[in-house]
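The values are calculated or read from the model by the stated rules, or taken from the named source; none is laboratory data. Predicted model only: the values in this text are computed from it and were never measured. Positions of Cβ are generated from backbone atoms using ideal geometry, with glycine treated the same way; all protein chains shown enter the neighbour counts. Accessible surface is based on the protein model in full, side chains and every heavy atom, while ligands, DNA and RNA are left aside. Shrake-Rupley method; radii C 1.70, N 1.55, O 1.52, S 1.80 Å.
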2 protein chains.
Amino acid sequence: MWTFRQENFNADEIALNGNRFMLGNGYMGFRGTLEEYGREHYVACMLNGVYDRVGDQWREPVNAPNGMLVQVLCNGEMLSPLTSKVLNHVQELDIRHGIHHRRTVFEKDGGEITVKAERFISHDRVHLMAMKYSVSASVPVKLVIRSGIDGAVWDINGPHLQQLELTGEDNLLQAKAVTGELKHEIITSALNGFQGVNCGTAEAVWMEKELVLAAGQEWSFCKYVSVCTSQDGAGASAMAVLECQQAAQIGYDELLKHHAAKCEDFWRKSDVVISGDDEAQFALRYSLYHLMILATRHSSAVSIPARGLSGQVYKGAVFWDTEMFMLPFFTLTDPAVARNLILFRYRTLDGARRKAREYGFDGAFFAWESQETGDDACSHFNVPDVFSGRPMRTYFRDKQVHISADVAFAIKQYLRQTGDVAILREGAAEVIIECARFFYSYAYYKPGKARYEVLDVTGPDEYHERVNNNAYTNKMVYETMNIALEALDTLRLKDRAGYDELAHRLNFEGELEAWRMMKDQLYVPAPAADTLLIEQFDRYFTLEDISMETLKSRKLHPDEYLGGGNGLAASTQILKQADVVLMLNLFKHEYGSEVIRRNWEYYEPRTEHGSSLSACAYAMTAAHIGKPDWAYKFFMKTATVDMTGHSKQFIGSLYIGGTHPAANGGAWLAAIFGFAGVSIVEEAVIINPSLPEKWQSISFPLVLRGQEYFVTAGREKVEVRSADGNEAPQLFRCGEVSVNVQPGKTAVWHNKTAVK
Amino acid sequence: MWTFRQENFNADEIALNGNRFMLGNGYMGFRGTLEEYGREHYVACMLNGVYDRVGDQWREPVNAPNGMLVQVLCNGEMLSPLTSKVLNHVQELDIRHGIHHRRTVFEKDGGEITVKAERFISHDRVHLMAMKYSVSASVPVKLVIRSGIDGAVWDINGPHLQQLELTGEDNLLQAKAVTGELKHEIITSALNGFQGVNCGTAEAVWMEKELVLAAGQEWSFCKYVSVCTSQDGAGASAMAVLECQQAAQIGYDELLKHHAAKCEDFWRKSDVVISGDDEAQFALRYSLYHLMILATRHSSAVSIPARGLSGQVYKGAVFWDTEMFMLPFFTLTDPAVARNLILFRYRTLDGARRKAREYGFDGAFFAWESQETGDDACSHFNVPDVFSGRPMRTYFRDKQVHISADVAFAIKQYLRQTGDVAILREGAAEVIIECARFFYSYAYYKPGKARYEVLDVTGPDEYHERVNNNAYTNKMVYETMNIALEALDTLRLKDRAGYDELAHRLNFEGELEAWRMMKDQLYVPAPAADTLLIEQFDRYFTLEDISMETLKSRKLHPDEYLGGGNGLAASTQILKQADVVLMLNLFKHEYGSEVIRRNWEYYEPRTEHGSSLSACAYAMTAAHIGKPDWAYKFFMKTATVDMTGHSKQFIGSLYIGGTHPAANGGAWLAAIFGFAGVSIVEEAVIINPSLPEKWQSISFPLVLRGQEYFVTAGREKVEVRSADGNEAPQLFRCGEVSVNVQPGKTAVWHNKTAVK
């Protein structure tokens, strides 16, 4: 089952379906809207990494002119399910091949007019979208077809497109605009596969053709749309035209074949097969689909925004979501994408340096909300106070220092799992060094306790701002210092010239001893001897300990923010999202199962799960401690978030909906690291399945240090196949039994005992 | 001019006049209400140091049953300016002798009935109040006099008086009650100087007498009221009775004489004579009067609450106000009172230790709002949010750590000015040690900058909570460490046994080296090389720099709080009250005049003066830098605050008015340390007058190290007389010229040049 399908038309779900039926290829995203829609229906062709600011509003990504506009007019009336009588409507997304279908049967003058459209954004050619559009009628009709480019784009804080130039010459149309802030050129070209009359307004350009259809006759055409920007290099306009012309020459079917082949490639490297649970199977694949359309294969200048390419929400910014919730998937299935995501942090390092300087620190303080320069798009005032109407002062930007540790940690995982030491010299080492520098300058020493502490931070649980010694943060800072020291050792050993160049340029060698001392004396909150609980931060356990219900009963306004200076949660133990449990998940082999269980049971009832990042940590840890059925609901929650769309779409008139790629990544994490029990430690890959009741087995590929493996983890049997082309053996462990799996061979464990 | 007088009756000023016409003697206060008033008119006989809590409301001081109740009935109607026709009404306060007068002429049946009452709270006998009451008529009338005790007392968070027992036997009445929380017995006895019929209700007991007055006839009686509590020792009830009986034996006039003699004694030691400015003269004396009625001569178990004894506002709690704004006056005029105020901190040291422990620190973290045990009466939630109606989370209690430094600093000043080394052994040394311990455990070391820092504090400017390295706080912490080390040196030198006992008991000797190191490496924000500005705290100068007008224009509600998590001032440079300037004032000899001037000019326009503590610091520093006319308006503001009563009396229905003893103390500070330019440094007393335009001279006594001096500081001439009984010479300096003034001698400087 590879089709996400919706029958019947529901005008209330236009915004939601825009997300559910998204297409994309990392370069751009196209919302799952209908061809006849305009800006009021949240049509958007969002460009990754192109940002613009209007006045003193916040910067946000730019939407390109909509080249996919097609409308059918009957007796002068535009057919649309919003205004016309609909007999039948289906919207479908082929998640295997990234193809959007719609089929609408309109009733008109006693007959039926059927509109069908199929479209895809090419994974083979990043600038290209293509569409096949057809219309037929059950009775003779006269129709007008319009196909063009709509320059009236939807914006949250726009308009960004200025100096709009619309041209049409035969069947080649173009919209060209310049952004206000940085004067980026944005070009959409479209080539219609039919002849017609060129028309236009100040905001749109299109071709019109009159159609006379006999009863039962179908008329169809193909359309090739290319989007380029001046960020792609000089001659973007010509490039866009050329791209359309080439596409037309190749033809729709051939383009689709190449595109589909790339998608197949993705699934070959990434598909996870769950046997025994079709619902989970589809939800997980649907999650992977969203990662597929966001993968930045083409460039390291962009990363994956927290709302993907589904809109301008959250400023199109890149958060820790990428490193902590998406990167593991790419690292273990398509390391080249992971590499780009890591190098994005190197490309934005100067922004992180500027931010550190702004707050008086050394090194790199990565943006909480990074745009293309690495400067922080996050403001000090953002969450609206429902009581006064003013934006509240929050400390996401200035106190969520764990972001720099998350980046370093992610690089470390990438290095371990890929063996790609070259990336150190290409920027990763510099990033790590600057993160360690930052934390050294951020930490304080407490003489009376003979330890370093990390003060005044906001951990993942954003409801508790400005706390001291947040367990997650301190542990991650410790890791960062360790990672820096290790990475420099590795570089010195494996690439002496690279090390020397870096040492000369960054002049860090005099700092290493201090970093080592800080690491050795850093306070990392540990499980209490009696309860085994890890306190989320200093004095967390002294906060009021109330139930979620009590907290909610205190609300005076349904939308009031629970964090911030006066939020209801701030003085209680209620947390927004996994914090200690997230930390325990990352370091599960350092803490016994009993520690994880006790903390899970303590923190879960106190967790609001007010972030889509929360559920997967609870799923992974529950599976790890042998409670897969506790884990299951969290897995399903994270895997279905974008299918159900059960998340807030608006605050007042502000659109805040969109897709949740971190939750999509979290679904994979929960499946592979949770239920399949995969963990990659220095010397081995551990596989300790902990499957939900319904599941018979879970099968999936893994790429590790450039070699491919295929794992099937069942209730009693675990099987690992090393691909034929692999070059070296790899140690796998299940239960207490390790097997060094040779290239081309399969190892099988029965009840955690090796068979072969 | 020693009389504060108000003619005509204004019902709107009942609450205000309760403060303006206050009586008190440190043991108790009696609000300036009329004799016939009841609880709805804010009558209160507030007991210092007796607290009670009802349910989960906050703890507050207890008001005793009102023994001063006298009412006159004419034709069954109680005469009161609130309900009767008034021809003439005068309320007067003799501030020299602490005597309250009222005279009201009522029109009744075509004639005039005149009521006169005079009362005082004895400064000679702390439990005693006395009254002389008379009534006369211009026409023959039949009246009923009622004189008794009203057990229906005014409370903010009451009722506190339970098990009320009311007794009357002949002319001796008594009301006895028990507080709910700690079961304190509260007794008011009253003895009427006339015979009558004993009457009572469940809430009051009184004597009634029918009077038949001829035209022009006056009838009068005296009343003696005593208040005792079980905190005064066993047998409080008998003590109260005995006190009344003794008083009656001694008689009103004799009691008044003894009382007045004590007042005269106060003025002899404290009066400041300003020549050339009657308005300032009276305002200053009025301020000193309020200090006179609060001076805790009788006990070190109590101190002076921030609203004096004028009511239960601010929980009757003792703040830093006492040490920083009132103590200098007492130290230099009546050191025995200052000694009691300091020993109060010793008696409440265990509460301060508990508070330090509560927050995870060592030593003593004094209460922001101290009651009798030293535990903090301040809650985490207190200021109401006008938008949501909820109390806001503020950080007065947990972050205003400067309170412990203020206590240590005050002790240091007291020691320097009195030479009373014995107090060290009697508790002051222990207080200082515990304050140093607290700060050592509070501070952090910053290795990269090789310095200690004081993080996450709220300075005097409460609009900026949770800041790092607040200049005032850091400087005061530095002083505290210094004071501790010096005090221990002094004690070791002068009282070896005392030192050894302390060292044995508190075991601090192993810590001294660490304190010294911390002190030497403590970061104290210094004037910038170019601007000479001292940054109020880390990154203060990066805050939005707007005018007070702009800030106010952003208000959405007239009463919205400007501080707290989302307060309008918090993200701007607008401050509530003197902070850097207060620090500069305390250490003016360490900073050049130019530094003070530049900071004064920078910070003053950014200061809201939202606290009555603010003005005097600006007055003192302005005078010091030769700008007495800048200083004058701040002096007048602080000196008149309780006369004008131009401060908020109510928030909603919550009474928040009261007197401002810190501002009263601030008026003296501004006069003596500001305009007279007195400063007492280690080796000398400096006198550098800086008089406002109108002032010819200012004359005042000073007690220094047990010796008395009388200073007259004029525009050209400064005169210092050393009292005849003094034992040693004392160095005084004016301008650059020092004179060692011998006992019985007078030194005169003309234009800062010594004459004799």
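Those strands (runs of 3 or more DSSP E) of segment A:183-253 in which 2 or more residues are under 32 Å from the mean Cα position of the chain (by Cα) and at pLDDT 95 or above occupy A:185-192, A:218-229. One residue is enough: does segment A:418-435 have a residue meeting the conditions within 19 Å of residue A:515 (Cα to Cα) and surrounded by fewer than 21 Cβ atoms within 10 Å (Cβ to Cβ)? There is at least one residue in segment A:418-435 that is within 19 Å of residue A:515 (Cα to Cα) and surrounded by fewer than 21 Cβ atoms within 10 Å (Cβ to Cβ). In this entry, residue A:297 passes the filter for residues that are farther than 20 Å from residue A:369 by Cα and part of a loop (DSSP other than H, G, I, E, B). Restricting to segment B:434-461, name every residue that is more than 9 Å from every other protein chain (Cβ to nearest Cβ) and at positive phi. Answer for segment B:434-461, where residues must be more than 9 Å from every other protein chain (Cβ to nearest Cβ) and at positive phi: just B:450. Taking each residue of segment B:208-231 that is at negative phi and surrounded by 14 or more Cβ atoms within 10 Å (Cβ to Cβ) and looking for partners that are in a strand (DSSP E or B) and of a type in the set (Asp, Glu) with beta-carbon atoms closer than 7 Å, six or more apart or interchain, yields B:229/B:185; B:230/B:185. Given the structure, is residue B:526 at negative phi, more than 34 Å from the chain's Cα centre (by Cα) and modelled with pLDDT of 95 or more? For residue B:526, the condition - at negative phi, more than 34 Å from the chain's Cα centre (by Cα) and modelled with pLDDT of 95 or more - is not met. Among the residues of segment A:574-591, the one identified as open to solvent by 30 Å² or more (accessible area, probe 1.4 Å) and assigned to a helix (DSSP H, G or I) is A:586. Here residue B:13 qualifies as of a type in the set (D, E, K, R) and out of contact with any His (no Cβ under 9 Å at 6 or more places or on another chain). Taken over segment B:39-50, the criterion of being in contact with a strand residue (DSSP E or B) (Cβ under 6 Å, 6 or more places away or on another chain) and farther than 10 Å from residue B:311 by Cα is satisfied by B:50 alone. Inspect all residues belonging to segment A:582-591 and state whether any of them is more than 30 Å from the chain's Cα centre (by Cα), under 23 Å from residue A:328 (Cβ atoms) and away from chain B (no Cβ under 12 Å). Within segment A:582-591, not a single residue is more than 30 Å from the chain's Cα centre (by Cα), under 23 Å from residue A:328 (Cβ atoms) and away from chain B (no Cβ under 12 Å).
Among the numbered conditions (1) open to solvent by less than 10 Å² (accessible area, probe 1.4 Å); (2) assigned to a loop (DSSP other than H, G, I, E, B); (3) within 13 Å of residue B:404 (Cβ to Cβ), the only one that residue B:310 does not meet is (3).
Scanning segment B:271-312 for residues that are touching a Leu at 6+ places or on another chain (Cβ under 6 Å) and among the polar types (S, T, N, Q) turns up B:300, B:303. Just for strands (runs of 3 or more DSSP E) wholly inside segment A:592-706: which have at least 3 residues that are touching a residue at least 60 places away in the same chain (Cβ under 8 Å) and more than 22 Å from the chain's Cα centre (by Cα)? Those strands (runs of 3 or more DSSP E) span A:697-704. For segment B:560-568, does any single residue satisfy the condition of being more than 25 Å from residue A:570 (Cβ to Cβ) and buried (at least 18 other Cβ atoms within 10 Å of the Cβ)? Looking for residues that are more than 25 Å from residue A:570 (Cβ to Cβ) and buried (at least 18 other Cβ atoms within 10 Å of the Cβ), one finds none in segment B:560-568, hence no.
Results for (1) more than 27 Å from residue B:412 (Cα to Cα); (2) at pLDDT 95 or above, shown as yes or no for each residue.
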position	(1), (2)
B:676	no, yes
B:691	yes, yes
B:697	yes, yes
B:735	no, no
B:740	no, yes
B:751	yes, no
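Entry remark, segment A:365-394: residues being more than 23 Å from the chain's Cα centre (by Cα) and within 22 Å of residue A:349 (Cα to Cα) number 1 in total.
For segment B:50-70, a residue qualifies if it is among the small types (Gly, Ala, Ser) and open to solvent by 10 Å² or more (accessible area, probe 1.4 Å), and exactly one does: B:55. Evaluate the following for residue B:264: is it open to solvent by 50 Å² or more (accessible area, probe 1.4 Å), of a type outside the set (Phe, Trp, Tyr) and not in a strand (DSSP E or B)? It is true that residue B:264 is open to solvent by 50 Å² or more (accessible area, probe 1.4 Å), of a type outside the set (Phe, Trp, Tyr) and not in a strand (DSSP E or B).
The set of residues in segment B:61-107 being in contact with a helix residue (DSSP H, G or I) (Cβ under 7 Å, 6 or more places away or on another chain) and hydrophobic (A, V, I, L, M, F, W, C) consists of B:82, B:95.
Taking residues in segment B:178-201 that are surrounded by fewer than 16 Cβ atoms within 10 Å (Cβ to Cβ), and partners anywhere that are aromatic (Phe, Trp, Tyr), the pairs with Cβ atoms closer than 7 Å and at least 6 places apart or on different chains are B:199/B:206. Scanning segment A:168-178 for residues that are out of contact with any Pro (no Cβ under 6 Å at 6 or more places or on another chain) and in a strand (DSSP E or B) yields A:168, A:169, A:172, A:173, A:174, A:176, A:177, A:178.
In this structure, is residue A:571 exposed (fewer than 14 other Cβ atoms within 10 Å of the Cβ), more than 31 Å from the chain's Cα centre (by Cα) and either within 25 Å of residue A:390 (Cβ to Cβ) or more than 14 Å from every other protein chain (Cβ to nearest Cβ) (or both)? So residue A:571 fails the test.
Conditions tested, residue by residue: (1) surrounded by fewer than 21 Cβ atoms within 10 Å (Cβ to Cβ); (2) within 13 Å of chain A (Cβ to nearest Cβ); (3) touching a residue at least 12 places away in the same chain (Cβ under 8 Å).
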site: B:492; (1), (2), (3): yes, no, no
site: B:509; (1), (2), (3): yes, no, no
site: B:515; (1), (2), (3): no, yes, yes
site: B:522; (1), (2), (3): no, yes, yes
site: B:530; (1), (2), (3): yes, no, no
site: B:535; (1), (2), (3): yes, yes, yes
site: B:538; (1), (2), (3): yes, yes, yes
site: B:544; (1), (2), (3): yes, yes, yes
site: B:550; (1), (2), (3): yes, no, no
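Taking each residue of segment A:9-23 that is within 21 Å of residue A:661 (Cβ to Cβ) and looking for partners that are open to solvent by less than 50 Å² (accessible area, probe 1.4 Å) and assigned to a helix (DSSP H, G or I) with beta-carbon atoms closer than 6 Å, six or more apart or interchain, yields nothing. Within segment B:71-111, the set of residues being of a type in the set (D, E, K, R) and surrounded by fewer than 17 Cβ atoms within 10 Å (Cβ to Cβ) comprises B:77, B:85, B:103, B:107, B:109.
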